[in-house]
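Everything on this sheet refers to the single structure shown next.
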Amino acid sequence: MYWTRVRILVLLIGSMCSIAEAQDIGLDEYLSKLQSSHPFFAMESLSQDIEREQQRRFLGEQDWMVTASTRYSHEEHSQGNPFVAEKSDRLILSTGMERQFWSNGGRVSISYDYNRNDQLYAAPTGAFDQHTNGLSIAYRLPLMKNKGGILSRLNYELKSYDINIVHLNSLENQEVFLQEQGELFLDWAFLNEQRRIAEKRLDLAREELKQASRKRRVHLIDEVDVLRAKDAVISAEQNLSSIESRWKGLQAELATQSGIEQMNHGQPEFNLYQLKQLPVDEEVVASLRNHSRLLKAIDIRIKQLAHQKSAFRDEMKPELNLVLSGGVGSEDTQFRQSARFDQSQYTAGLEFRQPFGQRTAKSDVARVRIQQLQLQREHSSIARQLEASLRNLLVQLRELDKVMAYNREQIKISRRKTVAELKKYNQGKNELTFVIQSRDNEQQVQLIHAQNATLYQKLYLRYASLNDQLLTKITNENREYQQ
């Protein structure tokens with residue numbers, strides 16, 4: 001008696017734990033959890049970060065560049081010329097810094113040079129030691145080609161367009177992923193509805209078997225009717241078992257994808273038969289053309305090419321540079337005296353360079369112009385494809401609304417037919433076969449209704465994804481939840 005009570009208590013606790021772990025979940029909740037936990041979304045967000053880092057690498061072109069060099073040389077000459085050193089040892093040290101400025105395309109360089117020259121002449125001159133120090137600065141400013149630094153910062157600015165395009169493509173990938181997972185959820189909801197219909201059919205088959213067995217015991221029916229009722233029960237059990245295996249498999253997949261362990265003990269909370277309010281065709285088509293991510297990405301690429309074309313046209317300009325330089329230095333036979341920096345010098349000049357033909361730059365401009373034209377055609381093509389897909393979805397949704405109305409009418413008729421067949425069977429006017437067939441037909445009509453309802457929900461999900469509404473909706477829900 002004691003152990004019996006213990007077992008009952010354990011069963012009750014296990015049942016309560018199972019109830020506590022079970023979690024019924026809706027489509028929006030599933031997609032929200034999926035977005036917040038699945039590594040796919042974190043992976044996609046990193047794509048833009050990679051592009052940003054690739055853009056930042058171009059900033060290195062503005063960094064200060066430090067240079068340093070040293071050189072030693074030894075020379076010996078003929079002793080017949082008193083004006084030429086017999087031996088010469090020279091040590092040269094040089095260091096400097098240079099940097100490019102994107103704001104105007106200019107380049108500045110600062111350098112320090114030290115030169116020591118030890119020479120040996122014939123008598124009476126003898127040994128001669130010379131130290132030279134110099135500090136200089138030079139600045140080159142473009143006045144025509146690359147004026148304002150348009151070519152210097154070109155790669156950095158072009159990368160900004162790539163970042164925006166990658167961002168849009170990432171959002172599009174996330175949208176498609178949510179749509180695919182949403183359709184899997186709808187398949188699970190459909191299997192759940194199938195299971196409900198199959199369970200009801202099994203309950204009715206078992207009830208019919210009980211009634212047939214009672215009638216057989218009082219010899220109201222033949223043995224064949226009992227066998228038919230048993231066969232109907234076996235068929236219903238087999239059908240339910242098949243549905244449950246697929247239902248549980250898909251349940252496990254969705255639970256793993258979303259990271260919701262409790263889904264393994266719950267079921268979908270979704271009304272397959274709830275119809276949606278559809279918008280006016282022309283309004284939604286106009287919105288699609290104005291806000292589609294795919295079209296926006298092409299628009300950005302066209303702008304990028306326009307920016308690139310302006311740079312190629314700048315390449316065709318003559319190269320005219322203003323060059324300014326100046327410095328201070330000093331020289332002496334003593335190292336200390338050579339570091340006075342009391343001698344100044346400066347220069348100013350213009351550099352001009354103009355290639356004839358400009359075939360490279362002209363070819364680049366022509367190529368970009370053709371690419372722009374190609375992208376404009378691609379924009380029109382994709383816009384037409386999107387509109388065609390959208391109108392197709394809207395037509396199917398509206399037609400499915402009508403089909404489902406016919407399904408509901410068929411369900412009513414099949415139920416009335418089953419009632420009539422059952423009444424005739426109870427009156428002994430027909431066989432149990434007709435009742436079973438009517439039950440099966442009623443189940444089949446209900447399944448067709450559920451299939452059409454699932455297709456309707458999938459088409460609406462694709463409609464929302466096509467209009468870039470699915471990701472936006474789920475993202476906003478996650479933000480509200482976090483707040």
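The values are calculated or read from the model by the stated rules, or taken from the named source; none is laboratory data. On a predicted model such as this, the values are computed, not experimentally measured, just so you know. As a convention, Cβ positions derive from the backbone with ideal geometry for all residues, glycine included, and neighbour counts pool all protein chains shown.
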- Residues (in contact with a Ser or Thr (Cβ under 8 Å, 6 or more places away or on another chain) and either surrounded by 19 or more Cβ atoms within 10 Å (Cβ to Cβ) or not assigned by TED's automatic domain parsing to the domain that holds A450 (or both)) located in segment 230-271: S258
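Residue-by-condition table, conditions (1) farther than 30 Å from Q100 by Cβ; (2) touching a helix residue (DSSP H, G or I) at 6+ places or on another chain (Cβ under 8 Å); (3) touching a residue at least 40 places away in the same chain (Cβ under 8 Å); (4) in the same structural domain as I92 (by TED's automatic domain parsing):
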position: K33; (1), (2), (3), (4): yes, yes, yes, no
position: F40; (1), (2), (3), (4): yes, yes, yes, no
position: L46; (1), (2), (3), (4): yes, no, no, no
position: D49; (1), (2), (3), (4): no, no, no, no
- May I ask you to list the residues in segment 318-375 that are charged (D, E, K, R) and closer than 30 Å to G134 by Cβ? E319, E331, D332, R336, R340, D342, E351, R353
- Odd one out for A189 among (1) modelled with pLDDT of 95 or more; (2) more than 53 Å from the chain's Cα centre (by Cα): (2)
- Is it the case that some residue within segment 66-75 is outside the structural domain of A255 (by TED's automatic domain parsing), assigned to a loop (DSSP other than H, G, I, E, B) and among the small types (G, A, S)? no
- Task: Please state which of the following conditions Q372 fails to meet, knowing it meets all the rest: (1) at pLDDT 95 or above; (2) surrounded by 14 or more Cβ atoms within 10 Å (Cβ to Cβ); (3) more than 27 Å from the chain's Cα centre (by Cα).
- Result: (3)
- Within segment 219-243, of all residues that are in contact with a helix residue (DSSP H, G or I) (Cβ under 7 Å, 6 or more places away or on another chain) and of a type in the set (D, E), the one nearest to Q194 (Cα to Cα) is E237
- Task: Kindly check whether there is at least one residue in segment 109-124 that is closer than 30 Å to A311 by Cβ, in a loop (DSSP other than H, G, I, E, B) and either in contact with a Leu (Cβ under 8 Å, 6 or more places away or on another chain) or at pLDDT 85 or above (or both).
- Result: no
- Please find, within segment 424-439, the residue that is nearest to R206 (Cα to Cα) out of those that are touching a residue at least 24 places away in the same chain (Cβ under 8 Å) and charged (D, E, K, R). R439
- Item | N173 modelled with pLDDT of 90 or more and either on the phi > 0 side of the Ramachandran plot or surrounded by fewer than 18 Cβ atoms within 10 Å (Cβ to Cβ) (or both) | yes
- Test each condition in (1) of a type in the set (V, I, T); (2) more than 25 Å from the chain's Cα centre (by Cα); (3) modelled with pLDDT of 95 or more for I300 and report the one that comes out false. (2)
- Message: Given the options E421, E477, name the one that is part of a helix (DSSP H, G or I), under 53 Å from the mean Cα position of the chain (by Cα) and acidic (D, E).
- Response: E477
- Among the residues of segment 390-401, is any more than 29 Å from I197 (Cα to Cα) and of a type in the set (K, R)? yes
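From the list D401, D364, which one is surrounded by 15 or more Cβ atoms within 10 Å (Cβ to Cβ), part of a helix (DSSP H, G or I) and of a type outside the set (S, T, Y)?
Within the list D401, D364, the selection yields D364.
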- Message: Would you confirm whether or not segment 184-191 contains a residue that is surrounded by fewer than 20 Cβ atoms within 10 Å (Cβ to Cβ) and closer than 26 Å to A450 by Cβ?
- Response: yes
- What about A348, is it outside any helix (DSSP H, G or I) and exposed (fewer than 15 other Cβ atoms within 10 Å of the Cβ)? yes
- Message: Pull out all pairs, ordered by first then second residue, where Cβ-Cβ is under 7 Å, the residues are six or more apart or on different chains, the first lies in segment 155-166 and is on the phi < 0 side of the Ramachandran plot, and the second is hydroxyl-bearing (S, T, Y) and assigned to a helix (DSSP H, G or I).
- Response: V166/S47
- With the condition kept exactly as written, say whether any residue in segment 292-300 is assigned to a helix (DSSP H, G or I) and either without any contact (Cβ under 8 Å) to a residue 60 or more places away in the chain or of a type in the set (S, T, N, Q) (or both). no
- Output the residues belonging to segment 444-464 that are polar (S, T, N, Q) and either surrounded by 20 or more Cβ atoms within 10 Å (Cβ to Cβ) or in contact with a strand residue (DSSP E or B) (Cβ under 7 Å, 6 or more places away or on another chain) (or both). Q446, T454, Q457
- Message: Filter segment 237-262 down to the residues that are modelled with pLDDT of 90 or more and among the hydrophobic types (A, V, I, L, M, F, W, C) and list them by number.
- Response: L240, I243, W247, L250, A252, L254, A255
- Message: Can you tell me how many residues within segment 192-222 are surrounded by 15 or more Cβ atoms within 10 Å (Cβ to Cβ), without any contact (Cβ under 8 Å) to a residue 24 or more places away in the chain and not charged (D, E, K, R)?
- Response: 1
- Being acidic (D, E) and either assigned to a helix (DSSP H, G or I) or modelled with pLDDT of 95 or more (or both) is the filter here, so list the residues in segment 425-472 that pass it. D440, E442
- Task: Can you tell me which residue within segment 288-342, out of those that are in contact with a Gly (Cβ under 9 Å, 6 or more places away or on another chain) and among the β-branched types (V, I, T), is surrounded by the fewest Cβ atoms within 10 Å (Cβ to Cβ)?
- Result: V323
